[in-house]
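A.B. asks: Let me give you the structure first, and then I'll get to my questions.
The values are calculated or read from the model by the stated rules, or taken from the named source; none is laboratory data. Since this is a predicted model, take the numbers as computed values, not measurements. Cβ placement follows ideal geometry from the backbone for every residue including glycine, while neighbour counts extend to all protein chains displayed. Side chains are part of the model used for accessible areas, which takes the heavy atoms of the whole protein and leaves out ligands, DNA and RNA. Shrake-Rupley method; radii C 1.70, N 1.55, O 1.52, S 1.80 Å.
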Amino acid sequence: MVQPYKHEPFTDFTVETNKKAFEEGLKTVQAYLGQDYPLVIGGERIMTEDKIVSINPANKTEVVGRVAKANKDLAEKAMQAADAAFKWWSKTKPEMRADILFRAAAIVRRRKHEFSALLVKEAGKPWKEADADTAEAIDFMEYYARQMLKLKDGIPVESRPGETNRFFYIPLGVGVVISPWNFPFAIMAGTTVAALVTGNTVLLKPASATPVVAYKFVEVLEEAGLPAGVLNYIPGSGAEVGDYLVDHPRTRFISFTGSRDVGIRIYERAAKVHPGQLWLKRVIAEMGGKDTIVVDKEADLELAAQSIVASAFGFSGQKCSACSRVVALEDVYDQVLNRVVELTKQLKVGNPEEQSTFMGPVIDQSAYNKIMEYIEIGKQEGKLMTGGEGDDSKGFFIQPTVFADVDPKARLMQEEIFGPVVAFTKAKDFDHALEIANNTEYGLTGAVISKNRFNLEKAREEFHVGNLYFNRGCTGAIVGYHPFGGFNMSGTDSKAGGPDYLLLHMQAKTVSEMF
Ligand SMILES: NC(=O)c1ccc[n+]([C@@H]2O[C@H](COP(=O)([O-])OP(=O)(O)OC[C@H]3O[C@@H](n4cnc5c(N)ncnc54)[C@H](O)[C@@H]3O)[C@@H](O)[C@H]2O)c1
Ligand SMILES: N[C@@H](CCC=O)C(=O)O
């Protein structure tokens, strides 16, 4: 009997043994930095001349790993392997597939701090953020395995006398999983195992900034018993390998997490039917956000300020859920703003390998340049209250930055920056605050800090986001507790870590028999 699902607890680093264990994890990872990693196609390890070089964003000279790079020919080889494997993998018992996920979760749990330490090195995550990423990866495996056990026999439907009707789910086919660098373990693993446990085979194209953690996860799944060909690891250029596989007539579905622009491109391309294609491709797209915290006039203002700072600057604001806009009622605006500035000035920015660091670097030079450009725009559009400075001499460090008095229609208030920048605007009343909160093209997360029950209920109805939080920040959804995904240009309205997520990877079949 499987134990009921519970989310993986976060590590308490004030406990000395936990701190030591994490430091050991960092040593383990340090010892394997700079290695070469192959593609994995049909179980075969393939090394290519051309490599993706994964570097530590906190220390540009440190190479985390050199990873083989797939091209169109290798993507085709991987497609053929996945297509062949689908014929028998799709017929395997759901219980067996679930057991592989349970086993993989146990392996990762045993190597938890090593995986988190790898996230520190490869993504620049501070300890706490890395620990949460690894915990979420474990959660996805534990949760989706259980969900599959619930769905494996389908759902009862009515039958009439002399007739038996059955309704059950079958897999789709070959899925292309395209993952982002910002949750390089959790989202990469979650989207991969959701596709696998439902009986599909997978071509995994991880983000080019974080391919090593994905390779390590492929090894875990192999150790857990996943047979060759079921999961194929093919890092490569989004434009080359991504487009080729999105267009491929044997691709049955695409599970994409990333930016709005790439998501739209994939959605459009996937809609075109190519010669030999037997189906309309399904696209699961989790895209960007421009997320708002609304502060009511009747509110715990200290809670508001703490929630804003944690949601805006956790992992340097590089979360689709990050708070990048604050809409405060004019009665409390100055008080909240001043407290946020005060708290922001206390944050420690620096090397994420040090436990005391709150905020590490941003992911790479192009992210650094883009965020610094937005900071310049912010200086035109609002009043710089704190931060605004960057230093890319050793790694890609940007100070947490707060702008005040920004117009709700300004670029800073409308465009996803994906960095440690938050902008404040003033609302005259709660209705006005909700109107501003809803005025972007996204609809991912949002939060309301209020003690007014009527206003909370109004927000429940009218604040149009996929994940709405009351009296807390707008980041940190937990698998199985806060199913995650947004509306409008934030994606295809799917909910990762939710009870209906696996259904997106299957098709329902009805069989009716007369006696
Ligand atoms: N909604 C969510 O759940 C969620 C979660 C995490 C990140 N995100 C979003 O992801 C973005 C940050 O991640 P990113 O910078 O890795 O995004 P990105 O769109 O640049 O890249 C995501 C993935 O798409 C690949 N890709 C690029 N071009 C492609 C193409 N033409 N065809 C196929 N694949 C292609 C990339 O190589 C990468 O693996 C932000 O916008 C963030 O909001 C959303
Ligand atoms: N699920 C994460 C965000 C994922 C996107 O970056 C959160 O809830 O903060």
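A.B. asks: Within a Cβ distance under 10 Å of ASP83, other residues only, what is the Lys/Arg minus Asp/Glu net charge?
C.D. replies: +3
A.B. asks: Cα centroids of segment 1-24 and segment 60-136: how far apart, whole angstrom?
C.D. replies: Rounded to whole Å, the Cα centres lie 20 Å apart.
A.B. asks: Let me ask you something else. Among GLN3, THR17, GLN35, whose Cα sits farthest toward the positive end of the charge dipole of segment 1-120 (+1 at Cβ of Lys/Arg, -1 at Cβ of Asp/Glu, about the Cα centre)?
C.D. replies: Positive-end residue among those listed: GLN3.
A.B. asks: Also, quick follow-up: With only alpha-carbon pairs counted, each pair once and no self-pairs, how large is the Kirkwood hydrodynamic radius of segment 200-312 in angstroms?
C.D. replies: 17.1 Å
A.B. asks: In the structure displayed, which of LYS20/LYS51; LYS69/LYS348; LYS72/LYS216; LYS319/LYS394; LYS77/LYS370 lie more than 25 Å apart, Cα to Cα?
C.D. replies: Result: LYS20/LYS51; LYS69/LYS348; LYS77/LYS370 exceed 25 Å.
A.B. asks: Within the chain, which is the longest segment that contains none of the trypsin sites (Lys or Arg not before Pro) sitting in a DSSP loop with at most 14 other Cβ atoms within 10 Å?
C.D. replies: Excluding the exposed sites themselves, the longest stretch runs over 92-271.
A.B. asks: Classify segment 1-104 as rounded, prolate or oblate from the Cα gyration tensor: take a ≥ b ≥ c as the square roots of its eigenvalues, call it rounded if a/c is under 1.5, otherwise prolate when a/b beats b/c and oblate if not.
C.D. replies: Because a/c hits 1.5 or more and a/b fails to exceed b/c, segment 1-104 counts as oblate.
A.B. asks: Picking from LEU503, PHE470, MET413, whose Cα lies most toward the positive end of the charge dipole for the chain (charges on Cβ: Lys, Arg +1; Asp, Glu -1)?
C.D. replies: With unit charges placed on the Cβ atoms, the residue in question is LEU503.
A.B. asks: Still on this structure, please answer the following. Can you pull the accessible area of GLU95 for me, 1.4 Å probe, Å² to the nearest 10?
C.D. replies: Near enough 70 Å² of accessible area.
A.B. asks: For THR28, what is the net charge nearby, where nearby means another residue's Cβ is under 9 Å from its Cβ and Lys, Arg count +1, Asp, Glu -1?
C.D. replies: Value of the local net charge: 0.
A.B. asks: Let me ask something else about it. Quick one: check the C-alpha center-to-center distance for segment 164-185 versus segment 268-318, whole angstrom.
C.D. replies: 20 Å
A.B. asks: Tell me which of ALA209, PRO235, ILE266 sits at the most positive position along the dipole axis of segment 183-273, charges placed on C-beta atoms (Lys, Arg +1; Asp, Glu -1).
C.D. replies: In segment 183-273, that residue is ILE266.
A.B. asks: Cross-link candidates for LYS281: which lysines have Cα within less than 16 Å, leaving aside residues fewer than 8 places away along the same chain?
C.D. replies: LYS272
A.B. asks: How fast does segment 329-420 diffuse by Stokes-Einstein, in µm²/s, taking the Kirkwood radius from C-alpha pairs at 4 °C and 1.567 mPa s?
C.D. replies: So the translational diffusion coefficient is about 92 µm²/s.
A.B. asks: For segment 125-172, I need the span (max minus min coordinate) of the C-alpha atoms along each principal axis, in Å, sorted largest to smallest.
C.D. replies: 63, 18, 10
A.B. asks: Shifting gears a bit: At 222 nm, what value in deg cm²/dmol follows for the chain if DSSP H runs of at least 4 each add -39500 (n - 2.57) and the sum is divided by all its residues, to the nearest 500?
C.D. replies: Calculated from helices alone, the mean residue ellipticity at 222 nm is -12000 deg cm²/dmol.
A.B. asks: Follow-up. At a Cα cut-off below 25 Å, give the lysines reachable from LYS458, other chains included and same-chain residues fewer than 8 away excluded.
C.D. replies: LYS290, LYS297, LYS409, LYS426, LYS428, LYS495
A.B. asks: Taking the Cα centre of the chain as the origin, how large is its charge dipole in debye, to the nearest 20, when only Lys and Arg (+1) and Asp and Glu (-1) carry charge on their Cβ atoms?
C.D. replies: So the dipole magnitude of the chain works out to roughly 1260 debye.
A.B. asks: By DSSP, what percent of the beta bridges with both residues in the chain are antiparallel, rounded to the nearest 5?
C.D. replies: 40 percent
A.B. asks: A further question follows. Cα atoms only, segment 291-478: Rg and Dmax in Å?
C.D. replies: 15.4, 51
A.B. asks: Over the alpha carbons of the chain, what is the largest minus smallest coordinate on each principal axis, giving the biggest first in Å?
C.D. replies: The Cα atoms of the chain stretch 72, 61, 48 Å along the principal axes, largest first.
A.B. asks: Here's something else I'd like to know. If the chain between LYS51 and LYS272 were fully stretched, how many nm would it gain, using 0.36 nm times the residue separation less the Cα-Cα distance?
C.D. replies: Computed gain between LYS51 and LYS272 is 76.4 nm.
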